[in-house]
Amino acid sequence: MKNKLFGTATIATAMAFGLPAMAQSPIKVGFVSTFSGPQAAIGEDMRRSVELAKEHLGGKMGGKPFEIFYEDDQFKPDVGKARSEKLVQQDKVNFVAGYIWSNVLLASYKTVVDESDTILISANAGPSQIAGELCNKNFFSTSWQNDQTPMAMGEYLNTKGVKSLYLVGPNYAAGKDMLAGVKRTYKGKIVSEDYTKWPDQLDFSAELTKIAAAKPDGIFIFYPGAHGVQFVKQWAQSGLNKTVPLYQVFSIDAITLPQQGDLALGTLGAQQWVNDLPNEANKKYVEDFKKKHGVYPSYYGAQSYDAIMLMASAAEALKGDLSNKDKVRAEIKKANFKSVRGDFKFGNNNFPIENFYIQEAVKDPQGMMTVKTIATALKNAVDPFAEKCPMK
Amino acid sequence: MEYLLLQMLNGVQLGLLMFLLAAGLTLTLGIMDLVNLAHGSLYMMGAYIAWTLIGVTDSFVLGALLALPATFLLGVAVEAVVIRRLYARDHLTQVLATFGLILFFNELVRAVWGPAGKSIAVPGFLNRTIEILPGVPYPAYRFAIIIVGAGVAILLAWLVARTRLGMVIRAGASNRRMIGALGVNIELLFSLVFGLGAVFAGLAGLMAAPIASVRIGMGDDILILALVIIVIGGIGSIKGAFIAAMVVGQIDIVGRAFLPDLLKTFMSSSAASSAAPAISQVLVYVLMAAVLVWRPTGLFGQRT
């Protein structure tokens, strides 16, 4: 009896002393992106935005300090999976975020959301599988489902009266989703649909020669980062820029424009976030980013900024106590924060229901290349895979 | 017809770039009996050195011309410091040591030039199209690659077939021990051949740079193709490397340009367009296997 009492007392004391100690332990955020190799510029833009979010939050979420563990996926699915494993098993992070590439996300997905029951917030990749049958209560997106952005482009091309389109994209999960997406909405004639080797093919001579011979009204491409730079350059070198206009998703942005320069002027693309969207959160984000780094942020950065702000909103509501995962998920699902794209809601598959805009590549008054909004293509769009997701 | 010609030109351009890389590789393997996996690193270094020199001189042509002797010196230095110690060792040791060199060069580039990769702009006077036939435009820069590549191939053919150095090189490729016994300075020859291989690799790297950006590991993918080419062509044979490179270049383009349409005649459109890149990637290896069954030493291989 005495022993038992003593035991209870010990536990009680331990708890009494233990709890404040736990309250002081920081919130841990794992962030997986590409920080080396040809696509490292994208990872850098995301890291800068995460750091800016941390600064805007004063380094705290729900009154607790938070730490960010950056991991480099080296642009390889197997490395991304191994790094994600390290984050959830060794560092025991509260959230995993990031992921540029759909194939990297698909490889890491089960490890994070199933095996270790950790909340994953994708700040870019949105493969159709995860939006549909593989949807999971632990997965949230602050970006889009892959098909949606090209769907917005397809809608716009219909209204613009573009009669025929030549599709080119890389042969991997996202490339297939993107080309399928534009085909969902575009009503004109698809001249051809070409896939190129990913990621090692950077020479598009054969494809551009085919396009020149096919004489379409427009080219639609999806080539993120370094690949977009090369495609636009080679499109211009081949002289096709004078005859066939280029329509794109994720191929001409704040990261690629410094290298594409004037060659990209006037090209149109679709996006759910543009740097000139008129809301307070966005103004603050874009202005502070530009002040700090001298360049415009990209949607990769905006989505990463939102991912951190989303976590912070949940931590705020729970006063920093993230021990009950059901409560954390419920708070995240509310999307109760000021997104830089404007307010949005999560759908049943935890992808945002949001607007998509058409943007044009232009020069700003200082002569720097950037993009500006010229139209709204889709309003409160739900992705086409939401109905395949069994979650309600 | 014009379309066919343009696609063939694309294949020739690709083939010539790969030939430049394969030439050095086949010489080192044929004459020096050295498996050099780090050849792709020399390709990468050529591009990075050219990027720096183009920045310094503010001229593509000048920077590229200066980069060639620089890669030659780099090749000679690598040979003197590392490669020379490997001649007497077996192939496994050479593979391990030169693989180490790949890691070394990748990290060196990361430390010196940063992880992000660089881009070299196409020189102004080539940033346009030329009409190879009336009304048939072709990018001038790609045409320039064909001219330079073909020029180097002719120079190399002359060097190997008509000069004393070439004679020694050919002799070395068919019987290495004999030329040593005949009093040829093997050490100097090996140094020269390795340096020459480095120059060709560097030239290929810097010419490919404006098309495919300058990045860490850019030589690793293309090295595998270069190895396939020298195996098809026959180890040690420049002529074999040239013919194999041309064939592989054409196969790659055919796989990309014509295979999807061919597959679409009997498959669904979407199945065909995703199967085509996979099949075209495999075609080159199928060719290699076929050649090896037919001629185990390659098309122009000397040894049995």
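The values are calculated or read from the model by the stated rules, or taken from the named source; none is laboratory data. Computed from a predicted model, the values in this text were never measured in an experiment. Note that each Cβ is placed from the backbone with ideal geometry, even for glycine, and that neighbours are counted across all protein chains shown.
Screening A:PHE337, A:PHE344 for residues that are of a type in the set (A, V, I, L, M, F, W, C) and free of Cβ contacts under 8 Å to residues at least 24 places away in the same chain leaves exactly one candidate, A:PHE344. The residue that is farthest from A:VAL249 (Cα to Cα), counting only those in segment A:337-372 that are among the β-branched types (Val, Ile, Thr) and touching a Gly at 6+ places or on another chain (Cβ under 9 Å), is A:ILE353.
Apart from one condition, B:LEU96 fits all of (1) touching a residue at least 40 places away in the same chain (Cβ under 8 Å); (2) more than 16 Å from the chain's Cα centre (by Cα); the exception is (1).
Conditions (1) surrounded by 23 or more Cβ atoms within 10 Å (Cβ to Cβ); (2) assigned to a helix (DSSP H, G or I); (3) modelled with pLDDT under 95, marked per residue:
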position: B:LEU25; (1), (2), (3): yes, yes, yes
position: B:ASP33; (1), (2), (3): no, no, yes
position: B:LEU62; (1), (2), (3): no, yes, no
position: B:GLU79; (1), (2), (3): yes, yes, no
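State which residue is farthest from A:PHE337 (Cα to Cα) when the search covers only segment A:53-76 and only residues that are in contact with a Lys or Arg (Cβ under 8 Å, 6 or more places away or on another chain) and not in a strand (DSSP E or B). For segment A:53-76, the residue satisfying everything is A:ASP73.
In segment B:243-264 there is no residue matching the filter, namely being more than 24 Å from B:LEU6 (Cβ to Cβ) and in contact with a Leu (Cβ under 7 Å, 6 or more places away or on another chain). The residue that is modelled with the highest pLDDT, counting only those in segment B:254-302 that are of a type in the set (Lys, Arg) and in a helix (DSSP H, G or I), is B:ARG256.
For segment A:146-164, a residue qualifies if it is among the basic types (Lys, Arg) and either without any contact (Cβ under 8 Å) to a residue 24 or more places away in the chain or more than 17 Å from A:THR243 (Cβ to Cβ) (or both), and exactly one does: A:LYS160. From the list A:LEU240, A:LEU246, A:LEU263, the one residue that fits, being of a type in the set (A, V, I, L, M) and closer than 20 Å to B:VAL136 by Cα, is A:LEU240. All of A:VAL113, A:VAL104, A:VAL96, A:VAL50 fail the test of being surrounded by 21 or more Cβ atoms within 10 Å (Cβ to Cβ), outside any helix (DSSP H, G or I) and in the same structural domain as A:LYS325 (by TED's automatic domain parsing), apart from A:VAL96. Note on segment B:125-134: residues that are surrounded by fewer than 16 Cβ atoms within 10 Å (Cβ to Cβ) and without any contact (Cβ under 8 Å) to a residue 60 or more places away in the chain total 5. The residues listed here are B:ARG177, B:ARG162, B:ARG170; of these, the one that is free of Cβ contacts under 8 Å to residues at least 60 places away in the same chain and either polar (S, T, N, Q) or closer than 21 Å to B:ALA80 by Cα (or both) is B:ARG177.
Would you confirm whether any residue within segment A:244-252 is assigned by TED's automatic domain parsing to the domain that holds A:ILE190, in contact with a His (Cβ under 9 Å, 6 or more places away or on another chain) and in a loop (DSSP other than H, G, I, E, B)? Before the answer, list the steps.
As a first pass, look at segment A:244-252 and keep what is assigned by TED's automatic domain parsing to the domain that holds A:ILE190: A:244-252.
Subset that is in contact with a His (Cβ under 9 Å, 6 or more places away or on another chain): A:251.
Adding the requirement that they be in a loop (DSSP other than H, G, I, E, B) leaves A:251.
Looking for residues that are assigned by TED's automatic domain parsing to the domain that holds A:ILE190, in contact with a His (Cβ under 9 Å, 6 or more places away or on another chain) and in a loop (DSSP other than H, G, I, E, B), one finds at least one in segment A:244-252, hence yes.
Every listed requirement among (1) surrounded by fewer than 20 Cβ atoms within 10 Å (Cβ to Cβ); (2) within 12 Å of chain B (Cβ to nearest Cβ); (3) not β-branched (Val, Ile, Thr) is met by A:GLY266 save one, (2). Considering the conditions (1) within 14 Å of chain A (Cβ to nearest Cβ); (2) in contact (Cβ under 8 Å) with a residue 12 or more places away in the chain, B:GLY202 is excluded by exactly one of them, (1). Tallying residues that are surrounded by 15 or more Cβ atoms within 10 Å (Cβ to Cβ) and assigned to a loop (DSSP other than H, G, I, E, B) within segment A:349-367 yields 3.
Would you mind stating whether B:LEU29 is at pLDDT below 95, part of a helix (DSSP H, G or I) and within 23 Å of B:ALA173 (Cβ to Cβ)? Yes: the conditions hold for B:LEU29. Number of residues in segment B:86-95 that are surrounded by 13 or more Cβ atoms within 10 Å (Cβ to Cβ) and assigned to a helix (DSSP H, G or I): the value is 4. Search segment A:187-203 for residues that are over 13 Å from B:ARG256 (Cα atoms) and pair each with any residue that is of a type in the set (Asp, Glu) when their beta-carbon atoms are under 6 Å apart and the residues are at least 6 apart or on different chains. That search, which allows pairs on different chains as well, returns A:ASP200/B:ASP221.
Annotation: B:ILE222 fulfils all but one of (1) at pLDDT 90 or above; (2) hydrophobic (A, V, I, L, M, F, W, C); (3) under 14 Å from the mean Cα position of the chain (by Cα); the unmet one is (1). Residue by residue through segment A:283-342, note down the ones that are acidic (Asp, Glu) and in a helix (DSSP H, G or I). A:GLU287, A:ASP288, A:ASP306, A:GLU316, A:ASP326, A:GLU331, listed by residue number. Restricting attention to segment B:132-144, the residues being modelled with pLDDT of 85 or more and more than 10 Å from chain A (Cβ to nearest Cβ) number 5.
In segment B:109-116 there is at least one residue matching the filter, namely being part of a helix (DSSP H, G or I) and surrounded by fewer than 13 Cβ atoms within 10 Å (Cβ to Cβ). From the list A:LYS363, A:LYS319, the one residue that fits, being on the phi > 0 side of the Ramachandran plot and charged (D, E, K, R), is A:LYS319. Residues satisfying the criterion are absent from segment B:225-245 (criterion: under 26 Å from A:VAL168 (Cα atoms), β-branched (Val, Ile, Thr) and either assigned to a helix (DSSP H, G or I) or more than 9 Å from every other protein chain (Cβ to nearest Cβ) (or both)).
When A:ALA214, A:ALA180 are checked against the criterion of being surrounded by fewer than 20 Cβ atoms within 10 Å (Cβ to Cβ), more than 26 Å from the chain's Cα centre (by Cα) and within 30 Å of B:LEU283 (Cα to Cα), A:ALA214 stands alone in meeting it.
If you go through segment B:88-110 and pick out every residue that is modelled with pLDDT of 90 or more and farther than 13 Å from B:MET44 by Cα, you end up with 12. Return the residues of segment A:21-80 that are polar (S, T, N, Q) and within 14 Å of another protein chain (Cβ to nearest Cβ); say none if nothing qualifies. Matches in segment A:21-80: A:SER33, A:THR34, A:SER36, A:GLN39, A:GLN74.
Quick one: would you say B:GLN7 is buried (at least 24 other Cβ atoms within 10 Å of the Cβ) and facing chain A (nearest Cβ under 10 Å)?
In short, no.
With respect to B:VAL193, determine if the residue is buried (at least 16 other Cβ atoms within 10 Å of the Cβ), hydrophobic (A, V, I, L, M, F, W, C), more than 14 Å from chain A (Cβ to nearest Cβ) and in a helix (DSSP H, G or I). Yes: the conditions hold for B:VAL193.
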